[in-house]
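In what follows, a structure is listed as structure tokens, so that the remarks can point back to it.
The values are calculated or read from the model by the stated rules, or taken from the named source; none is laboratory data. The structure displayed is predicted, hence computed values, not measured ones. Cβ coordinates were reconstructed from backbone atoms using ideal geometry, including for glycine residues, and neighbour counts include every protein chain displayed. Side chains are part of the model used for accessible areas, which takes the heavy atoms of the whole protein and leaves out ligands, DNA and RNA. Shrake-Rupley method; radii C 1.70, N 1.55, O 1.52, S 1.80 Å.
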Amino acid sequence: MTLEMFVEWAIKMAVIFFLVLTADAYVVLLERRLLGFIQMRLGPNRVGPFGLLQPLADGLKFIFKEDIVPLEADKVLYVLAPMIALVPALMTFSVIPFGDKITLFGREIHFHITSVNVGLLVVFALTSLGVYGVALAGWSSNSKYSLMGGLRSSAQMISYELALTLSVIGPVLFAGSLDLVEIVKYQTDRWFGIIPKWNIFLQPIGFLIFLTAAIAETNRVPFDLPEAETELVAGFHTEYSSMKFAMFFIAEYTNMITASAMASLLYLGGWDGPGVSSFPILGPIYFALKVFFFLFLYIWLRGTLPRFRYDQLMKFGWKFLIPVALANVVFVALLALLLF
Amino acid sequence: MSKVVEYSPTRKLQELAQMKDQVLDHNITVSMGPQHPSTHGVLRLELELDGETIVNAVPDIGYLHTGMEKLMEYKKYQQNIVITDRMDYLNPMGNNLGYVMCVEKLLGITDEIPERAQVIRVMLTELQRIASHMVWLGTHALDIGAMSMFFYCFREREKILNIYEAICGGRMTVSYFRVGGLPYDIPDFVPGMIREFCKEFPKAIDEYKALLAGNTIFQARTKGVGIITPEDAIQWGVTGPSLRGSGVDYDVRRYEPYCGYETYDFEVPVETGCDVWSRFSVRIRELSESLKIVRQALDRLKPGSVKVDSPKIALPEREMMKHQMDALIHHFLLAGLGFEVPPGEAYHAIEGSKGELGYYIVSDGSERPYRVHVRGPSFVNLQALPVMVKGAMIADTVAVIGSLDIVLGEIDR
């Protein structure tokens with residue numbers, strides 16, 4: 001390990017960390033503005049041009065709010081829970097590739113911090129850790145509403161993890177690798193020289209399952225039961241205030257971005273797009289556009305759909321999504337057998 | 001002689017067994033409200049939960065108690081109209097109407113109210129029903145998680161409130177009806193505004209049906225939830241759309257017509273599902289029916305007087321006061337002393353937006369009522385909530401509360 005490599009890593013980590021947190025802040029703003037548009041109101045537009053400085057104001061406000069720990073709360077777990085939620089959420093970006101590679105200062109620079117040959121597994125392992133944060137937050141708050149939110153959340157995330165994992169077997173079978181870069185590289189090929197070999201074309205069912213399960217996994221509408229504003233008030237983070245609440249908030253939006261990124265990587269060819277082979281710098285832009293599309297979908301759904309009930313959610317997960325995902329695995333395996 | 005309790009191993013074992021039962025009693029009690037986003041104000045529910053299932057629910061009311069009925073005993077008859085606005089603040093026109101009609105009954109002038117005043121009363125209360133149902137639909141959808149519906153509903157309600165503002169200056173607390181008719185006629189441009197609203201509103205209804213009623217999740221959340229049998233509903237005194245959702249065809253407008261409702265052509269929607277979905281469908285269908293009545297009322301608007309020709313009850317016209325001595329005297333006496341109501345008692349019910357809204361007034365012959373009692377539909381309908389939610393899940397509670405369409409201002413009064 002040379003010094004140059006170390007410097008490269010450090011810079012990449014700093015850049016990606018900064019990018020992800022900024023993206024979080026602006027996804028929140030985007031959500032508020034888009035929801036405002038859907039609901040015929042303005043949304044925040046006072047701070048800076050078009051409200052662009054709103055995230056900054058929000059952040060400042062969070063920092064200055066009083067940090068409350070309930071009297072009977074389990075203090076250690078109470079403080080630890082938001083960190084457990086946030087840290088793994090941010091760590092996933094260490095293996096997510098944003099693009100291919102470019103040559104800069106005579107060095108080959110890859111658009112990812114590191115490429116692990118089990119990248120997909122790393123992402124899933126880290127996102128599953130997030131459930132501990134939520135469950136512990138619900139438990140340690142010493143509030144019945146929080147407890148119910150935490151329980152709902154754990155049950156939901158564990159149930160939908162199965163369908164999620166089953167649905168990604170397809171792309172893995174096609175690419176023959178768990179490495180995210182390899183999975184994308186497989187999709188950069190073309191059929192007849194024109195149609196991209198994106199997995200969504202041959203595995204539309206897998207894609208839909210992945211999308212549904214990912215929305216449930218990130219606790220978003222119509223699967224936002226752990227938060228269930230109108231039933232549990234705010235669910236597991238009812239008692240949290242100040243930056244601890246902000247950490248849950250950031251974790252949620254980071255998970256949304258992760259899920260969107262994974263959907264793009266696995267099914268929409270990641271950074272693939274016209275002209276990328278000759279200008280690799282376009283890769284991250286295409287990737288960002290695809291991620292943005294999924295984030296938009298998230299927000300659109302939130303503006304449209306009502307919420308499932310707890311038992312309906314479980315029924316949908318176990319009795320519909322998982323059997324379909326299993327059937328899809330068989331289908332994709334047969335397809336892979338025929339094609340390769 | 002004091003009784004000596006001997007130590008007995010058997011009893012000790014029994015006590016231990018009891019304690020074990022208590023410890024293993026899994027039910028938890030959750031206080032839902034009074035500050036909760038979906039209890040529609042300050043309703044508090046004491047929920048006994050077994051996991052997510054509701055074992056028992058006890059509504060706890062009184063957080064908004066303002067003593068309105070008592071207050072009415074100290075105010076003159078015409079001053080009480082203002083108080084009625086504040087009860088069911090989503091249905092002020094209906095509250096005004098019920099009250100003034102009850103006083104008119106006591107005065108024996110029910111038949112003397114001019115035609116134009118009757119038509120305007122019907123038109124405005126039906127518009128009010130639509131406005132009230134808009135708030136219900138918005139909050140009901142919001143409780144179930146469909147956030148945007150709320151804004152689409154308030155958009156339409158805003159148009160009705162603008163009409164009210166054009167008529168009397170008030171948007172929510174209108175106080176427009178008077179004993180003996182109306183204080184003044186509606187402005188000339190208002191029928192045009194209402195016609196415009198009648199033209200646009202059907203589009204909005206279609207939009208709501210497409211966005212919410214057509215949604216599978218919404219149907220799954222409402223069908224078969226919060227069931228109350230027709231017998232139970234009648235026993236608990238449920239009225240209005242909540243009763244008609246249980247298949248009982250009862251509407252005060254149809255069976256005790258007032259203001260000439262018997263001459264209007266409208267249907268009384270009835271659904272037989274007994275669940276949240278049926279109550280939802282009844283109200284959605286009522287929107288079109290109310291619109292039908294408003295259209296008919298618009299066609300019937302003929303020029304004429306809007307107050308009863310009785311100077312002891314209705315205030316004289318402003319213009320007359322400047323030229324006629326007796327008009328000025330009547331105005332002075334009415335504004336200063338009020339009018340006396342013959343001794344007796346009367347009950348008058350109208351079909352409010354939430355059910356049978358009844359006023360019971362006892363008069364001792366003075367210018368102030370001896371006793372006023374309001375039969376608030378929200379209050380009576382809320383009683384049926386525990387029946388509906390027993391055995392349901394927490395998420396169903398908010399759906400059921402939404403389907404009952406309660407307003408805490410009316411419950412606590």
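Within the option set A:G59, A:G48, being open to solvent by less than 70 Å² (accessible area, probe 1.4 Å), out of contact with any Lys or Arg (no Cβ under 9 Å at 6 or more places or on another chain), on the phi > 0 side of the Ramachandran plot and not acidic (D, E) holds for one residue only, A:G48.
Answer yes if at least one residue in region B:219-236 is part of a helix (DSSP H, G or I), more than 21 Å from B:G402 (Cα to Cα) and open to solvent by less than 60 Å² (accessible area, probe 1.4 Å), and no otherwise. No: zero hits. The set of residues in region A:291-340 being open to solvent by less than 40 Å² (accessible area, probe 1.4 Å), within 11 Å of chain B (Cβ to nearest Cβ) and within 21 Å of B:L212 (Cβ to Cβ) consists of A:G303, A:L305, A:P306, A:R307, A:F308, A:R309, A:Q312, A:L313.
Listed here are the residues, each with its yes/no results for (1) surrounded by 22 or more Cβ atoms within 10 Å (Cβ to Cβ); (2) more than 16 Å from the chain's Cα centre (by Cα).
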| residue | (1), (2) |
| --- | --- |
| B:E48 | no, yes |
| B:P59 | no, yes |
| B:M72 | yes, yes |
| B:N80 | yes, yes |
| B:R86 | no, no |
| B:N91 | yes, no |
| B:N95 | yes, no |
| B:Y99 | yes, no |
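Return a yes/no flag: does region A:121-140 have any residue that is out of contact with any helix residue (DSSP H, G or I) (no Cβ under 8 Å at 6 or more places or on another chain) and either open to solvent by 30 Å² or more (accessible area, probe 1.4 Å) or not β-branched (V, I, T) (or both). Yes, because at least one residue in region A:121-140 is out of contact with any helix residue (DSSP H, G or I) (no Cβ under 8 Å at 6 or more places or on another chain) and either open to solvent by 30 Å² or more (accessible area, probe 1.4 Å) or not β-branched (V, I, T) (or both).
Would you be able to say whether some residue in region B:140-154 is in contact with a Pro (Cβ under 7 Å, 6 or more places away or on another chain) and more than 14 Å from every other protein chain (Cβ to nearest Cβ)? Within region B:140-154 (the criterion being in contact with a Pro (Cβ under 7 Å, 6 or more places away or on another chain) and more than 14 Å from every other protein chain (Cβ to nearest Cβ)), the answer is no, since none of the residues qualifies.
Condition test on A:L178, is it open to solvent by 30 Å² or more (accessible area, probe 1.4 Å) and modelled with pLDDT of 85 or more? In short, yes. The conditions are (1) more than 14 Å from chain A (Cβ to nearest Cβ); (2) within 25 Å of the chain's Cα centre (by Cα), and B:V225 fails exactly one of them. Which is it? With (1) more than 14 Å from chain A (Cβ to nearest Cβ); (2) within 25 Å of the chain's Cα centre (by Cα) applied to B:V225, the lone miss is (1).
Scanning region A:233-258 for residues that are charged (D, E, K, R) and assigned to a helix (DSSP H, G or I) gives A:K244, A:E252. The criterion of being at pLDDT 90 or above and farther than 30 Å from A:I38 by Cβ holds for B:F189. Given the structure, is B:D309 more than 14 Å from every other protein chain (Cβ to nearest Cβ), touching a residue at least 60 places away in the same chain (Cβ under 8 Å), open to solvent by less than 80 Å² (accessible area, probe 1.4 Å) and acidic (D, E)? Taking the combined requirement at face value, the residue does not satisfy it. Could you go through region B:334-346 and let me know if any residue there is of a type in the set (F, W, Y) and either under 30 Å from B:S290 (Cα atoms) or modelled with pLDDT of 90 or more (or both). No: region B:334-346 contains no residue that is of a type in the set (F, W, Y) and either under 30 Å from B:S290 (Cα atoms) or modelled with pLDDT of 90 or more (or both).
Within region A:21-45, the set of residues being assigned to a loop (DSSP other than H, G, I, E, B), surrounded by 14 or more Cβ atoms within 10 Å (Cβ to Cβ) and within 14 Å of another protein chain (Cβ to nearest Cβ) comprises A:Q39, A:G43. Each residue in region B:111-144 was checked for being over 11 Å from B:V179 (Cβ atoms) and either touching a strand residue (DSSP E or B) at 6+ places or on another chain (Cβ under 8 Å) or among the hydroxyl-bearing types (S, T, Y) (or both), and 5 pass. Output the residue which, of all residues in region B:247-288 that are part of a helix (DSSP H, G or I) and open to solvent by 30 Å² or more (accessible area, probe 1.4 Å), is farthest from B:M123 (Cα to Cα). Across region B:247-288, the extreme among qualifying residues is B:W277.
Let's see how each residue does on (1) of a type in the set (F, W, Y); (2) assigned to a loop (DSSP other than H, G, I, E, B); (3) over 30 Å from B:G402 (Cα atoms); (4) out of contact with any helix residue (DSSP H, G or I) (no Cβ under 6 Å at 6 or more places or on another chain):
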position	(1), (2), (3), (4)
A:S260	no, no, yes, no
A:G273	no, yes, yes, no
A:P284	no, no, yes, yes
A:R302	no, no, no, yes
A:K319	no, no, no, yes
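Across region B:183-215, the number of residues qualifying as in a helix (DSSP H, G or I), within 14 Å of another protein chain (Cβ to nearest Cβ) and free of Cβ contacts under 8 Å to residues at least 12 places away in the same chain comes to 1. Taking the numbered list (1) within 14 Å of chain B (Cβ to nearest Cβ); (2) open to solvent by less than 70 Å² (accessible area, probe 1.4 Å); (3) not β-branched (V, I, T) in turn, A:Q187 passes all entries but (1). Of all the criteria given as (1) touching a residue at least 40 places away in the same chain (Cβ under 8 Å); (2) open to solvent by 10 Å² or more (accessible area, probe 1.4 Å); (3) within 14 Å of chain A (Cβ to nearest Cβ), the one not satisfied by B:L107 is (3).
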